[in-house]
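The values are calculated or read from the model by the stated rules, or taken from the named source; none is laboratory data. Because the structure is a prediction, the values reported are computed rather than measured. Backbone-built Cβ (ideal geometry, glycine too); neighbour counts: all protein chains shown.
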């Protein structure tokens, strides 16, 4: 009986466990996660914060599913990997042997060495427990704002949480725009307008100098411009780094991420990686790219699980589409949405819908290679399929984003939306 060990109980780990059982009815499956909660929909934490989702709705599987599928769940942090002995050891000394291993440890938030960062109520915004603690802290002092350091997706998501909780928010942004680095200047201007329309305070090109405390908890932020901002809590949302520490000291190829092949296999034939921790070759970008965000992580986990059980499925893409909310605006990012250079052409919708609407496609040799859609996501699946199938748009390029053009009509017959074959 083959022994499968999965480290990480996020979406990639969950998908892998289910996929393994679909292809191996008898194998022994152990899923190790460092959170006490069962797998949950991380992208739904914002809705949970202001009551739109309950605890049960946040979970991504029925509580009895793993019992029925004979998946053993273990709470603990994996701290040592021995690829020769094929074992993983947890912080508490528990050791697991494996025949096939998947590492899906995700990413960890980055917090600079700010003076005072050890004070209570200085948080990162990543896990269910993080969100529960933040919610408690800001509601305990509703007359004071929360200070959010960073205005990327997570920072703006928490700004929306503050509105839902009825508390103020102050954004400190190192860059000269919000939404960096994934939104261009045009989209960033629309985002800033949306925030200002909701009276969110935004300080651009201003950072944390230090924190002041009172009674062991943060009471104020002193900025690099000498501003003093009293607050109930501080949320650091300035980025994450892949959690690759388990690979330290092993022979497995490691750059910033763990590099995997099209089968999600690392440089060790029995060790796989998926989700935020991994980078796989993207045929659209012609380069390795991380498999982060929910959908790519899910498919990465499913394909890795099938291959661990003896399959040979290949993963074709990891950056085809990221669809979610930024603040309260729906957005979609396609492919190489940050591509630039003399051979990259930009096509803009001159009349997008919505007050904050942006629709932009990037072309190379008259083939779509990326796109950004904000507050107007019409036809994004069709544009994604045009990109995947590398359809030349020369004949209709000028009308590509016009309101009267339906890109579905330009798709080859039988086109399927795919991630693998």
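Regarding the stretch 346-363, can at least one residue be identified that is under 23 Å from residue 9 (Cα atoms), in a loop (DSSP other than H, G, I, E, B) and not assigned by TED's automatic domain parsing to the domain that holds residue 19? Among the residues of the stretch 346-363, not one is under 23 Å from residue 9 (Cα atoms), in a loop (DSSP other than H, G, I, E, B) and not assigned by TED's automatic domain parsing to the domain that holds residue 19, which makes the answer no.
Among the residues of the stretch 243-270, write down those that are surrounded by fewer than 23 Cβ atoms within 10 Å (Cβ to Cβ) and in a strand (DSSP E or B). Across the stretch 243-270, the qualifying residues are 254, 259, 265.
I'd like to check something: does the stretch 45-53 contain any residue that is within 20 Å of the chain's Cα centre (by Cα), more than 20 Å from residue 102 (Cα to Cα) and part of a loop (DSSP other than H, G, I, E, B)? Yes; the residues of the stretch 45-53 include at least one that is within 20 Å of the chain's Cα centre (by Cα), more than 20 Å from residue 102 (Cα to Cα) and part of a loop (DSSP other than H, G, I, E, B). Could you look through the stretch 1-14, keep only residues that are farther than 20 Å from residue 56 by Cβ and under 24 Å from the mean Cα position of the chain (by Cα), and pick out the one that is surrounded by the fewest Cβ atoms within 10 Å (Cβ to Cβ)? Among residues in the stretch 1-14 that are farther than 20 Å from residue 56 by Cβ and under 24 Å from the mean Cα position of the chain (by Cα), the one surrounded by the fewest Cβ atoms within 10 Å (Cβ to Cβ) is 5.
When residue 292 is tested against (1) touching a residue at least 24 places away in the same chain (Cβ under 8 Å); (2) more than 14 Å from residue 11 (Cβ to Cβ); (3) assigned to a loop (DSSP other than H, G, I, E, B); (4) in contact with a strand residue (DSSP E or B) (Cβ under 8 Å, 6 or more places away or on another chain), just one condition goes unmet, and that condition is (2).
Only one entry of 170, 234, 201 meets the criterion of being in contact (Cβ under 8 Å) with a residue 12 or more places away in the chain, closer than 26 Å to residue 51 by Cα, surrounded by fewer than 17 Cβ atoms within 10 Å (Cβ to Cβ) and outside the structural domain of residue 352 (by TED's automatic domain parsing), and that entry is 201. Taken together, 402, 340, 379 contain a single residue that is under 24 Å from the mean Cα position of the chain (by Cα), loosely packed, with under 15 Cβ neighbours inside 10 Å and not assigned by TED's automatic domain parsing to the domain that holds residue 264, which is 340. Within the stretch 65-77, the set of residues being within 27 Å of the chain's Cα centre (by Cα) and outside any strand (DSSP E or B) comprises 65, 66, 76, 77. Suppose the filter is at pLDDT below 95, more than 23 Å from the chain's Cα centre (by Cα) and not assigned by TED's automatic domain parsing to the domain that holds residue 138; does residue 275 pass it? Considered against the rule, which asks whether it is at pLDDT below 95, more than 23 Å from the chain's Cα centre (by Cα) and not assigned by TED's automatic domain parsing to the domain that holds residue 138, residue 275 comes out as no.
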